[in-house]
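Colleague: After the structure tokens below, expect a handful of questions from me.
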Amino acid sequence: MSYAKIAPALVRASSDKLMRMRFAQERLRSSAASTQRQEKTDESVRAQNCTVVERPVDVDLISQTKNPDNQKTNISINFENTQEAYKSKNTLELMRSLLVFKMCTIDFLVDKNKELMDLAKKVLGQRLFEKIMKMTFYGQFVAGEDHNAIKPLIRKNQAFGVGSVLDYSVEEDLTQEEAVKKEMESCVSVAEKESPGKDHREKKYKAHRQFGDRRGGVTSARTYFYADESKCDQHMETFLKCIRASGGAATDGFSAIKMTALGRPQFLLQFSEVLVKWRSFFNVLIAQQGKADMAALEQKLELEQLQDSLNQLGVSKSDIETWLTGEKLGSSGTIDLLDWNSLINDGTKISKLLVVPNVETGHLEPLLDKFTEEEDKQMKRMLQRMDVLAKHAVENGVRLMVDAEQTYFQPAISRLTLEMQRRFNQEMPIIFNTYQCYLKDAYDNVTVDVELSRREGWYFGAKLVRGAYMYQERSRAAEIGYEDPINPDYEATNRMYHKCLEYVLEEIEHNRNANVMVASHNEDTVKFTLEKMREMGLSPQEHKVYFGQLLGMCDQISFPLGQAGFPVYKYVPYGPVNEVIPYLSRRALENRGFMKGSQRERSLLWSELKRRFLNGQVFYRPAY
């Protein structure tokens, strides 16, 4: 992405909106949060997984068309119907699922899974080890070794109404020491190395050696560590292959990317801190005008009072003139959150964006005392890689989902994603941002982004997840000393998820320019979505609401939805056996939680096996 294109975008509206905002409790668009059932299970093991349902539930779904007589043709989906849920599986596949899920409940096997796999490889030899893996864990959670090998599974799932989000799941098998070394080298600038402690950095947005291995406490997200620019180019090429494969596999495909794979994470840390500090400065000025308790989108700085406040802070007249220059900024006599745009200097270098207001001195100050030419080039190359991926997504008719990451990276990731949405979502939703609903500020971020898309007239695209970094985020906040960004418990996360989801669904109802991916293994959340769609008259044929689950998990949700006509997708990992072992290790850890907390999926698998045996369908093979 050329700097000429991205730099002006980076300093336009909402540069500060991605951080934690202070919202009043009332909603800008009326929609009462729904009451959810209390789920009395461990928040940490249930957040990503299937929910226990104690009795069969027939869900009366929505009309296929929203007709003028307001008559709804109801579809009934029974998530207890094992024949429909496992129609795409032969009996051996069901038995494999039972075996793998049972193994995931054995603590010793899960805790020592990496060591046991290494031992098995030595004892059995590479060939026999790979064969056994393909019969068990690899076969359950991974589609195949390359693009050609995964085509049969993609075609089969598609025949049963389930699409694919391709995910090349190869990861570096680094030791903890290697990971920490790479992280510290890639997140610490030259200025910080030469003069440690003499910068203006906040501790949350600095690298800390004890948390250098970002894989710690993370069971459901892939982690990239920066090596060099050529490695980032390799990651981009991998993402491009996934985009092309997704475009060739379906007319309505998705692909997913991670921004930490595309460049030096130092930039994400620094830009996140700049955005947060500018937002804090906005809060100071809002408080001086007595508007701190207003909803964020209703907060508006009166221009004359703003100039007086800046004078009192000692800001020079030339700085004020520079800050308040713009075609639209302040034209109404006020500046609101989404107009808070030109207060970041639009310089010829991206490094010039990394300046922050010092409330004590009233001057703009560089975040770092020194910023090298190479560091500036590395930032530009990250933006250029993002641009290449977005353009290829458009050319191949594929939607691009940008995964969420740790909160110290996320403000920058969300802001850069937003800039891609503004460019590429003008005619249809191509770029989807990801919102982690275990965060306290998830609803704030969703509502502000929706409002911005509405104001500027582009298509809003969101993927809603519960989140993957809870343990790590809480531990880091406690040890380093900043506010825990995570909701207090699982029930609060559920309420947040449903609140965000309901807000986006209402936006779809009122303005068909929004789209949402409900990425959840929680059956209650899926049923909540279906009920809201029915109430609002949202048809699955409109393809505004999508559902997503991981390959090998919660088929009793995915396939009934797909066969009923809802757009549903499986995240489809692929890659060579040896190189996806870190991914398989995380799947074992994640599955232990919900398999111990709920026997639901195993119970349904047993029921289907019994049904096949009793009905003489032991050798059943799916027809498609």
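The values are calculated or read from the model by the stated rules, or taken from the named source; none is laboratory data. Keep in mind the model is a prediction, meaning the values are calculated, not measured. Don't worry about glycine lacking a Cβ; one is built from the backbone with ideal geometry, like all the others, and counts go over all protein chains shown. Only protein heavy atoms, including side chains, enter the accessible area calculation; ligands, DNA and RNA are left aside. Shrake-Rupley method; radii C 1.70, N 1.55, O 1.52, S 1.80 Å.
Colleague: Name the pairs whose Cβ atoms lie under 8 Å apart, with the first residue in the stretch 161-184 and farther than 30 Å from LYS570 by Cβ, the second part of a helix (DSSP H, G or I), and 6 or more positions between them or separate chains?
Modeller: VAL180/ARG209; GLU183/PRO265; MET184/ARG209
Colleague: Looking only at residues that are among the small types (Gly, Ala, Ser) and part of a loop (DSSP other than H, G, I, E, B) in the stretch 203-255, which one is surrounded by the fewest Cβ atoms within 10 Å (Cβ to Cβ)?
Modeller: Keep residues of the stretch 203-255 that are among the small types (Gly, Ala, Ser), which gives 207, 212, 216-217, 220-221, 227, 230, 245-250, 253, 255.
The next check asks that each one be part of a loop (DSSP other than H, G, I, E, B); those that pass are 207, 212, 216-217, 220-221, 227, 250.
Working: ALA207: 19, GLY212: 20, GLY216: 17, GLY217: 17, SER220: 17, ALA221: 18, ALA227: 14, ALA250: 17.
Applying the filter and picking the extreme gives ALA227.
Colleague: Considering only residues that are of a type in the set (A, V, I, L, M, F, W, C) and out of contact with any helix residue (DSSP H, G or I) (no Cβ under 8 Å at 6 or more places or on another chain), which ones fall in the stretch 261-293? Give the steps one after another, and end with the answer.
Modeller: Our first condition is that a residue be of a type in the set (A, V, I, L, M, F, W, C); within the stretch 261-293, this holds for 261-262, 267-269, 271, 274-276, 278, 281-282, 284-287, 292.
The answer is TRP278, PHE281, VAL284, ILE286, ALA287.
Colleague: While we're here: Would you list the helices (runs of 4 or more DSSP H) that sit entirely within the stretch 40-117 and hold 1 or more residues that are at pLDDT below 50?
Modeller: On the way: elements: 43-46, 82-85, 91-103, 107-111.
Qualifying helices (runs of 4 or more DSSP H): 43-46.
Colleague: Consider the stretch 165-195. How many of its residues are open to solvent by less than 20 Å² (accessible area, probe 1.4 Å) and under 23 Å from the mean Cα position of the chain (by Cα)?
Modeller: The number of residues fulfilling the criteria is 7.
Results for (1) modelled with pLDDT under 90; (2) touching a Pro at 6+ places or on another chain (Cβ under 8 Å); (3) aromatic (Phe, Trp, Tyr), shown as yes or no for each residue.
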residue: GLN140; (1), (2), (3): no, no, no
residue: ASN148; (1), (2), (3): yes, no, no
residue: GLY161; (1), (2), (3): no, no, no
residue: ASP173; (1), (2), (3): yes, yes, no
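Colleague: So, LEU275, is that one of a type in the set (A, V, I, L, M), modelled with pLDDT of 80 or more and buried (at least 18 other Cβ atoms within 10 Å of the Cβ) or not?
Modeller: yes
Colleague: Can I ask one more? Could you check the stretch 431-457 and list, in sequence order, the residues that are in a loop (DSSP other than H, G, I, E, B) and out of contact with any helix residue (DSSP H, G or I) (no Cβ under 6 Å at 6 or more places or on another chain)?
Modeller: LYS440, ASP441, GLY457 - these are the residues of the stretch 431-457 that are in a loop (DSSP other than H, G, I, E, B) and out of contact with any helix residue (DSSP H, G or I) (no Cβ under 6 Å at 6 or more places or on another chain).
Colleague: Which of the residues that make up the stretch 380-425 are buried (at least 20 other Cβ atoms within 10 Å of the Cβ), within 13 Å of ALA261 (Cα to Cα) and of a type outside the set (Gly, Ala, Ser)?
Modeller: MET382, LEU383, ARG385, MET386, LEU389, VAL402, ASP403, GLU405, PHE409, ILE413
Colleague: Out of all the residues in the stretch 499-524, which are within 17 Å of the chain's Cα centre (by Cα), part of a helix (DSSP H, G or I) and closer than 20 Å to LEU550 by Cα?
Modeller: Across the stretch 499-524, the qualifying residue is only LEU501.
Colleague: Let me ask you something else. Please enumerate the residues belonging to the stretch 278-298 that are over 28 Å from the mean Cα position of the chain (by Cα) and open to solvent by less than 10 Å² (accessible area, probe 1.4 Å).
Modeller: Answer for the stretch 278-298, where residues must be over 28 Å from the mean Cα position of the chain (by Cα) and open to solvent by less than 10 Å² (accessible area, probe 1.4 Å): LEU285, ILE286.
Colleague: Identify all residues within the stretch 484-506 that are free of Cβ contacts under 8 Å to residues at least 60 places away in the same chain and farther than 12 Å from ALA442 by Cβ; write none if there are none.
Modeller: Selection gives ASP484, PRO488, LEU505.
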